[in-house]
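Data first, discussion second: the structure below is written as structure tokens.
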Amino acid sequence: MTFSFFLYPLSMVQVILNAMLINSADSVNFLRECQVISMMEVLCCRHSQVDYLKRRLVSLGIVQPFAEGENLANVCGWASVVCDDNQLVTVIAWGYFQNHKRNIINLDWLPPTLTRVDITFGAYPKQRFDTRLWPRNLRSATFTECGMRGSIDLRTLPEKMETLNLSFNELSGTVHLTELPPRISKIDINHNNIEKVVVSNGELPKTLKKVNFLVNKKARAVCLDGRTLDQRVRIMHEVLIREPKRKVYMPGS
């Protein structure tokens with residue numbers, strides 16, 4: 001197998017991988033081979049860093065210590081990874097990593113066959129991530145306490161997206177609740193640094209049940225087609241509670 005296509009820009013690579021999602025034996029074999037590289041990139045390892053990847057997988061509790069000759073490419077055998085009948089990754093559920101430390105992840109390389117992902121307490125190294133690069137069949141995504149920074153564009157989420165949880169990160173800027181996926185039901189962006197929320201009541205999908213924001217007092221909401229926000233959009237402001245200073249009594253005072 002050749003990995004020459006990984007020399008192309010990331011956006012082009014993801015377009016190529018997503019385009020391979022057709023029902024043919026050649027496509028399945030190609031995706032099965034590519035997902036090994038994709039999973040390595042998610043954990044910020046290059047395909048030449050096999051020994052480093054082994055140590056990293058063991059330290060995160062994703063795999064047991066490797067026996068001699070064990071096949072690293074069997075990503076379906078990794079902990080909390082689910083594959084379909086074609087041995088293609090459909091679910092990644094790495095909640096809290098075993099050692100509970102922030103571990104660098106790269107969300108731009110999620111396997112294109114993924115339908116659900118849950119990563120908690122990772123550490124996303126970039127200032128901005130592009131939702132256009134997410135797998136097009138992704139239905140549920142949870143990235144909490146991952147230190148995500150920059151803005152988030154909900155207008156380019158995968159069409160099949162149903163639930164999204166980005167709480168307890170460091171996202172900022174403006175969030176547009178327009179042009180959302182038609183099946184979306186829940187969005188949670190609590191405990192971030194969002195400064196502005198733009199809402200179009202008439203564009204909110206009928207399937208939407210709630211959108212939660214917990215923002216600072218300076219954040220504001222703008223409704224494009226009315227004075228009152230749709231009741232499904234819940235914007236709460238954080239209240240900073242200052243504890244009263246306590247007098248410290250020293251011995252002999």
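Pairing each residue of the stretch 118-131 that is under 18 Å from Thr156 (Cα atoms) and surrounded by fewer than 17 Cβ atoms within 10 Å (Cβ to Cβ) with any residue that is of a type outside the set (Ser, Thr, Tyr) and at pLDDT 70 or above, provided the two are 6+ apart or on different chains, yields C-beta distances under 7 Å for Gln127/Arg149; Gln127/Gly150; Arg128/Gly150; Asp130/Asp108. Return yes when Ala25 is modelled with pLDDT under 70, out of contact with any helix residue (DSSP H, G or I) (no Cβ under 7 Å at 6 or more places or on another chain) and under 24 Å from Thr131 (Cα atoms) and no when it is not. For Ala25, the condition - modelled with pLDDT under 70, out of contact with any helix residue (DSSP H, G or I) (no Cβ under 7 Å at 6 or more places or on another chain) and under 24 Å from Thr131 (Cα atoms) - is not met.
So which of Leu171, Leu164 is within 22 Å of Gly95 (Cβ to Cβ), touching a helix residue (DSSP H, G or I) at 6+ places or on another chain (Cβ under 9 Å) and not β-branched (Val, Ile, Thr)? Reasoning before the result, please.
Values: Leu171 fails: touching a helix residue (DSSP H, G or I) at 6+ places or on another chain (Cβ under 9 Å).
Of Leu171, Leu164, the one residue that is within 22 Å of Gly95 (Cβ to Cβ), touching a helix residue (DSSP H, G or I) at 6+ places or on another chain (Cβ under 9 Å) and not β-branched (Val, Ile, Thr) is Leu164.
Can Ile194 be described as among the aliphatic types (A, V, I, L, M) and at pLDDT 95 or above? Answer is no for this residue.
Could you tell me whether Ile187 is at pLDDT 90 or above and either under 11 Å from the mean Cα position of the chain (by Cα) or surrounded by 16 or more Cβ atoms within 10 Å (Cβ to Cβ) (or both)? In short, yes.
Checking each residue in the stretch 38-52 for being modelled with pLDDT under 70, in contact with a helix residue (DSSP H, G or I) (Cβ under 7 Å, 6 or more places away or on another chain) and in a helix (DSSP H, G or I) picks out no residue at all. Does the stretch 142-152 contain at least one residue that is among the acidic types (Asp, Glu), touching a helix residue (DSSP H, G or I) at 6+ places or on another chain (Cβ under 6 Å) and surrounded by fewer than 21 Cβ atoms within 10 Å (Cβ to Cβ)? Within the stretch 142-152 (the criterion being among the acidic types (Asp, Glu), touching a helix residue (DSSP H, G or I) at 6+ places or on another chain (Cβ under 6 Å) and surrounded by fewer than 21 Cβ atoms within 10 Å (Cβ to Cβ)), the answer is no, since none of the residues qualifies.
The values are calculated or read from the model by the stated rules, or taken from the named source; none is laboratory data. Only a predicted model underlies this, so the values are computations on that prediction, with no experimental measurement involved. Note that each Cβ is placed from the backbone with ideal geometry, even for glycine, and that neighbours are counted across all protein chains shown.
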